[in-house]
1. Return the pair list, or none, for Cβ contacts closer than 9 Å from residues in the stretch 215-239 that are hydroxyl-bearing (Ser, Thr, Tyr) to residues that are surrounded by fewer than 19 Cβ atoms within 10 Å (Cβ to Cβ) and assigned to a strand (DSSP E or B), at least 6 apart or on different chains.
2. Within the stretch 104-138, restricting attention to residues that are within 20 Å of GLY167 (Cβ to Cβ) and in a loop (DSSP other than H, G, I, E, B), which residue is modelled with the lowest pLDDT?
3. List the pairs whose first member sits in the stretch 107-127 and is in contact (Cβ under 8 Å) with a residue 24 or more places away in the chain and surrounded by 14 or more Cβ atoms within 10 Å (Cβ to Cβ), whose second member is acidic (Asp, Glu) and not in a strand (DSSP E or B), and whose Cβ atoms are under 6 Å apart, counting only residues at least 6 apart or on separate chains?
4. Sort out which residues of the stretch 370-409 are modelled with pLDDT under 95, within 19 Å of the chain's Cα centre (by Cα) and over 14 Å from VAL66 (Cα atoms), and write them in order of number.
5. What are the pairs with Cβ atoms under 7 angstrom where one residue, in the stretch 87-103, is touching a residue at least 40 places away in the same chain (Cβ under 8 Å) and the other, located anywhere, is surrounded by fewer than 20 Cβ atoms within 10 Å (Cβ to Cβ) and among the aromatic types (Phe, Trp, Tyr)? Sequence gap at least six, or different chains.
6. I'm checking my understanding of the structure. Among residues of the stretch 181-198 that are in contact with a Leu (Cβ under 8 Å, 6 or more places away or on another chain) and not aliphatic (A, V, I, L, M), which one is nearest to TYR127 (Cα to Cα)?
7. Taking only the stretch 347-394 into account, find how many residues are in a strand (DSSP E or B) and farther than 30 Å from THR282 by Cβ.
8. Name every residue in the stretch 219-261 that is assigned to a loop (DSSP other than H, G, I, E, B) and among the hydroxyl-bearing types (Ser, Thr, Tyr), in order of residue number.
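The values are calculated or read from the model by the stated rules, or taken from the named source; none is laboratory data. Values in this document were obtained by computation on a predicted structure and should not be read as measured data. Every residue, glycine as well, gets a Cβ built from its backbone with ideal geometry; the counts of neighbours run over all protein chains shown.
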Amino acid sequence: MKAKKILVPRMAGVMLGVFGLICPVAAGESGRDAVTPELLASPAPAHSHLSRVTSDDTGTVYLSWVTERDGLAEFAFASWDGSDWSDAAIISEGRDWFVNWADFPRLSVHGDGKLAHWLRRSGSSSYDYDVVASFYDPSRQRWRDGTLINTDGIQAEHGFVAMVPTGPYRTLITWLDGRRTKSEPEPGPMTLRGAEYASTGERLDEWELDSRVCDCCQTAAAMTSRGPIVVYRDRSPHDIRDIAIVRQIEGQWTEPQTVHDDGWQVAGCPVNGPAVAARENTVVVVWFTLRDDLPAVQLAVSRDDGEHFTAPTLIAGADTLGRVDATLLDNGEIIASWLDLRGTDAHVMLSRYSADAEFIDTVAVSPILASRRSGFPRIHSVGNTVYVTWTQVGDANRVKVARVRYDGF
């Protein structure tokens, strides 16, 4: 039987002496003028959550979300032209979806092509579900029928998808694949798999990228000057769950490599995956760790397409909940998002670092409920502007979106 998924307890307020200065420095304390988050009108309706933000090659911003009403899940998006949102467009909907606070749909936009995925239940177990993707047909201006991404036919967990365009009309899709967790007589480990698809939905190739990984942490992918990379939480035979990377170089995938040896040993999945951002040969990885019950959000930088990384820079400690994301500005600066716990309230935070990982400032974007219902805030940058989206929890949840402009700061 598959092990029960758990959240690792957070130990708060006891690490001041260990981490030193752990309280976030407010924007402006670095000697620069303060940046100010700007809340945008949200195109998402009531009962929306599980939002993401991305952009196309022209800089047009896309916000996606899931709305649930009366047992029906609906996946939709809207685009931002710089001053207003378009009408919402529905990608797909269903009553047999697996809808989860940590494993949720994604929209990818590249050129005139779009690709979206969601999760569909496949069996009676709570975590039996498949990855389904739809490829947009620009000539007919409609979404094609859903394509099953995992083709093993086993009723098991398949999810935590990452996507990255790898070239004209081609996209890499990676996912956690639980086919071996249903092995007999003893269940096997979760694996990481990837496949490349043409924009028509044709599968071009497929690989197993890692034969043993953490069961339910988000994965992330990016494109470097040498090819695509995938970062994820690995899992050793002794339950060390540190962050690893695999890279495709000249068509071949490298063996998994640890980004940093945190040595975090934990019996259950922490449901707290890493984030990655890349431009040319620069790669930035941000992640959460809890070794020895000491919470930390860390940042490491590579200048050789992810082959080697710097020693980690501490972004936050003590009262962080993790739930990280990362992006790179056009000016080379690094933005990391994370959740900070202040008393009983959490806040969505943006921390800015120079290209050399020197701290610049931190700004609190919005308060947020410190629960699973809030999900994972996501960020994306266009130029030197960062777009942030999260879920405001209430009687009717609703997706929120803001932007932070770093030009001139």
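1. Final answer for the pair search is THR224/ARG279; SER225/ARG279; SER236/ARG212; SER236/GLN265.
2. Once the filter is applied, the top-ranked residue is ASP112.
3. VAL109/ASP56; ARG120/ASP96; ARG121/ASP96; SER122/ASP128
4. Of everything in the stretch 370-409, those that are modelled with pLDDT under 95, within 19 Å of the chain's Cα centre (by Cα) and over 14 Å from VAL66 (Cα atoms) turn out to be ALA370, SER371, ARG372.
5. Correct list of pairs: ILE91/TRP143; SER92/TRP143.
6. THR191
7. To start, the set of residues in the stretch 347-394 that are in a strand (DSSP E or B) comprises 347-353, 359-368, 378-382, 385-392.
Filter again for farther than 30 Å from THR282 by Cβ, leaving 367, 391-392.
Residues flagged as in a strand (DSSP E or B) and farther than 30 Å from THR282 by Cβ within the stretch 347-394 amount to 3.
8. THR219, THR224, SER225, SER236, THR254
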